[in-house]
Amino acid sequence: MKKLFLIFTFLFSLNVFGFSQSSDLLRLYKAVLENDFDGAETLLKKGVNPNEHLTGDERVQAAERYAEKAGFKSGDAEFNYAVENFDETPILISVNKGNEEISLEFVKLLCAYKVDLSVFSGFSDHHSPLSLAVANGYLNVLRCLLENGADANICRSYDWTPLMWAAYYDDVECAEILLEHGADVFYKNEIGETALILAGIFFHSEVSNLLQKTAGLFYDCTEDDVEKFEQAELFERNRKIDEAIKIYKTFAEKNDRLSSKCLAWIYKNKDSEYFNPELAWKYVQLPASLGDAGALICKANFLIEGFGTEKNESMAFDIFNTLSKADNSKPFAFFRIAQCFENGIAVDKDLDAAVYFYKKAADLKCPQANYRLGKVYQTGDLPGTTRDEQKAISYFKEAAYFEDPSACKELSIYFSEGKYVQKDLELAEEYKKFSERKVSDW
């Protein structure tokens, strides 16, 4: 009997029967996950390191419980993703609770034991504790983290700082707290994004105004200013460009981004006597830095061409990537990304990727993308496509709906010749008129 007991004890120690004993570290994780404050405090007093990451089976156990707490069902894609990418420490779990009071209680506890506040989540957004507090709108947790030494500008490579997240969520209160604790309005991540740019491209005017004021770039327009600006626009329409420039420059000196954009537009026109690449580059900077989508697109085009500045295709591609995150600029951004892949601009040439992004842009009603796909199906010259004139006409019609001149020209030819469509000279003439129209590239 004694031998049997010893054998059983030996087998148990080898975990032959699948039983496992939790380490104190796993117990700490479970206490934080289950909102067991007393249990967590006891383990921390015992000397368990709250900065240590779980590994092996214990990491999987905590990850599965984390996924369950998040409401995911075992076997679902979200559940599997959470388990595969779980690399959270107790501080990240604490900040991401569904109740700010409970979250704050655990954050204060962990901060008392010198928890590392510079960790990043293993999930796709790579949140830090600070940015996670912003994402949840937890103002008191945000203050607590900052008061305990969290870096207000914490950011991992191409990811966003907490202030950028506040700009994205249009959270003025979080932005104010971060600014009070040293957040840098001009901080750029590795692809050149700033909080100012993000607030601009997402049209979050309230937080954008706050950031502009902090940066000394806010221009408070008066009724008299509006009248003068309208006068400048009238001068420009009536070809009195010198008078328009004089007014625009007055406002541009006061950091008015619209006037700066108008000046960039005047100076970039290659068919004009005022054509000046260097001045166009100079005046596009302010509106681009404030997230004006048109100005950012223009700046990227300048960088690709080396127009008024040195060529920098990588920076241009980064701008298109940034613009692809906002709904209003996403269609054209996808189109330009597709062009980059088709022509090997800043990236290796990849025709499959080009077709993919052209189609994404076309699905979002980008006329230029629909036109390009129309040309693709005219020839079948890109991967995954074959010559199909009917499909080409369909894409041209989508582009022509937005009066794209190139698409209108193609349709004019189709309908005038009766090729693949019923001949219609009246419609052909109508498309021809639209094809002669000049369009802005802003």
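Exposure proxy shown here: for D170, D224, D292, the number of other Cβ atoms within 10 Å sets the order, fewest to most, as D224, D170, D292.
Note on Rg and Dmax of the Cα atoms in Å: of the candidates (i) 23.5, 73; (ii) 33.0, 105; (iii) 29.0, 108, the value calculated from this structure sits at (iii). When D57, D87 are sorted by how many other C-beta atoms sit within 10 angstrom of their C-beta, beginning with the fewest, the order is D57, D87. Starting from the 7 Å offset along Cα-to-Cβ, what nm value, one decimal, do you get for the label separation of K270 and L351? It is 2.7 nm. In a reduced charge model with +1 at each Lys and Arg Cβ and -1 at each Asp and Glu Cβ, region 212-362 shows a dipole moment near 240 debye about its Cα centre.
Sites count as exposed loop sites when they are GluC sites (Glu not before Pro), lie in a DSSP loop, and have at most 11 other Cβ atoms within 10 angstrom; the longest stretch of the chain without one is 1-189. GNM on the chain, C-alpha springs below 10 Å: top fluctuator among A183, A338, A67? Maximum fluctuation in the GNM of the chain, among the listed residues, is at A67.
Determine the distance separating the Cα centre of region 264-332 from the Cα centre of region 336-397; give it in Å without decimals. Going from one Cα centre to the other spans 23 Å.
Using a 10 Å cut-off around each Cβ, can you sort H181, H126, H204 from fewest to most neighbouring Cβ atoms? List each step's numbers first, then the result.
On the way: H181 18, H126 15, H204 22.
Ordered from fewest to most neighbouring Cβ atoms within 10 Å, H181, H126, H204 come out as H126, H181, H204.
Modelled spin-label separation between K365 and Y158, with each label point placed 7 Å from Cα along the Cα-to-Cβ direction: 3.0 nm. A P(r) calculated from all alpha carbon pairs of region 312-419, with 5 Å bins opening at zero, reads 2, 14, 21, 23, 18, 12, 6, 2, 1, 0 percent. Pairs K330/K423; K365/K433; K365/K409: which are spaced more than 25 Å apart, C-alpha to C-alpha? Those over the limit are K330/K423.
Throughout, read-outs are computed from the coordinates displayed, never taken from laboratory work. Quick caveat, the model's predicted, so the values are computed rather than measured. Positions of Cβ are generated from backbone atoms using ideal geometry, with glycine treated the same way; all protein chains shown enter the neighbour counts.
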